[in-house]
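The block underneath contains the structure these notes are about, expressed in structure tokens.
The values are calculated or read from the model by the stated rules, or taken from the named source; none is laboratory data. From a predicted model like this one, the values you see are computed outputs, not experimental measurements. Cβ atoms come from the backbone with ideal geometry, glycine included; neighbour counts cover every protein chain shown. Just so you know, the surface numbers come from the protein's heavy atoms only, side chains and all, with ligands and any DNA or RNA stripped out. Shrake-Rupley method; radii C 1.70, N 1.55, O 1.52, S 1.80 Å.
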Amino acid sequence: NNISPGSKVFAEKAAWKFLEDEHPNFTLATICPPLVVGPITSCIDDASKLNTSNLRILEFITGKYKGPVIPETGNYLWADVRDVALAHVRAFEVDEAAGKRFFTVASHFCNKEIVEILRKNFPEFEEKLPDVGASGGGYPEEGPYGFSNENSTKILGIQFMGFEKSVVDLVKSLKAIGV
């Protein structure tokens with residue numbers, strides 16, 4: 001679950017090199033998601049088993065960032081786990097996917113938006129969230145960097161779901177295991 005960004009890059013490069021060197025009797029398509037958010041599966045019965053991306057939201061609802069400052073976001077790109085799973089299936093099913101990389105990105109997000117979504121949808125966590133009007137956690141002054149998910153939307157036909165739905169569904173699934 002907690003895979004470093006470097007290991008993802010090296011694994012993808014190794015896969016493409018294998019294809020080039022060995023000429024196997026199959027094709028390859030790679031799915032490259034950024035931060036992956038969304039509801040947990042039924043096999044996760046303990047919050048300690050969360051992936052790094054979902055852990056960020058758990059830390060908000062458990063009070064780790066209570067106070068006057070929202071932590072900086074870092075990576076401003078995300079995708080819902082269900083969209084990433086669908087991309088894997090479609091990459092297998094769609095012939096045109098062979099030999100391509102798919103950046104599975106729904107949109108930009110920032111930690112301030114997470115707090116706003118949590119505050120709006122889960123008032124029971126209010127006392128654990130950063131203070132109303134807390135500073136930080138927004139987008140950089142120059143705005144977030146760009147991205148292209150064109151292969152995912154045009155070739156795989158992914159219609160990415162919204163950030164609020166993804167966060168709300170995640171928190172509902174966490175509450176179901178007693179968080």
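Here residue 40 fulfils each of the conditions (1) assigned to a loop (DSSP other than H, G, I, E, B); (2) free of Cβ contacts under 8 Å to residues at least 12 places away in the same chain apart from (2). Of all residues in the range 58-70, those satisfying the criterion of being surrounded by 13 or more Cβ atoms within 10 Å (Cβ to Cβ) and either in a loop (DSSP other than H, G, I, E, B) or touching a Leu at 6+ places or on another chain (Cβ under 9 Å) (or both) are 58, 60, 61, 62, 63, 64, 65, 66, 70.
With the structure loaded, tell me whether residue 19 is within 30 Å of residue 135 (Cβ to Cβ) and either open to solvent by 30 Å² or more (accessible area, probe 1.4 Å) or in contact with a Ser or Thr (Cβ under 9 Å, 6 or more places away or on another chain) (or both) or whether it fails that test. Spelling it out, it is not the case that residue 19 is within 30 Å of residue 135 (Cβ to Cβ) and either open to solvent by 30 Å² or more (accessible area, probe 1.4 Å) or in contact with a Ser or Thr (Cβ under 9 Å, 6 or more places away or on another chain) (or both).
Looking across the range 30-57, the residues that are of a type in the set (Gly, Ala, Ser) and surrounded by 13 or more Cβ atoms within 10 Å (Cβ to Cβ) come down to 38, 47, 53.
Within the set 43, 32, the sole residue that is touching a Phe, Trp or Tyr at 6+ places or on another chain (Cβ under 6 Å) and on the phi < 0 side of the Ramachandran plot turns out to be 32. The single condition among (1) touching a residue at least 60 places away in the same chain (Cβ under 8 Å); (2) open to solvent by less than 80 Å² (accessible area, probe 1.4 Å); (3) over 30 Å from residue 178 (Cα atoms) that residue 27 does not satisfy is (2).
Quick one: is residue 69 among the hydrophobic types (A, V, I, L, M, F, W, C), at pLDDT 95 or above and closer than 21 Å to residue 162 by Cβ?
Values: among the hydrophobic types (A, V, I, L, M, F, W, C): yes; at pLDDT 95 or above: yes; closer than 21 Å to residue 162 by Cβ: no.
Considered against the rule, which asks whether it is among the hydrophobic types (A, V, I, L, M, F, W, C), at pLDDT 95 or above and closer than 21 Å to residue 162 by Cβ, residue 69 comes out as no.
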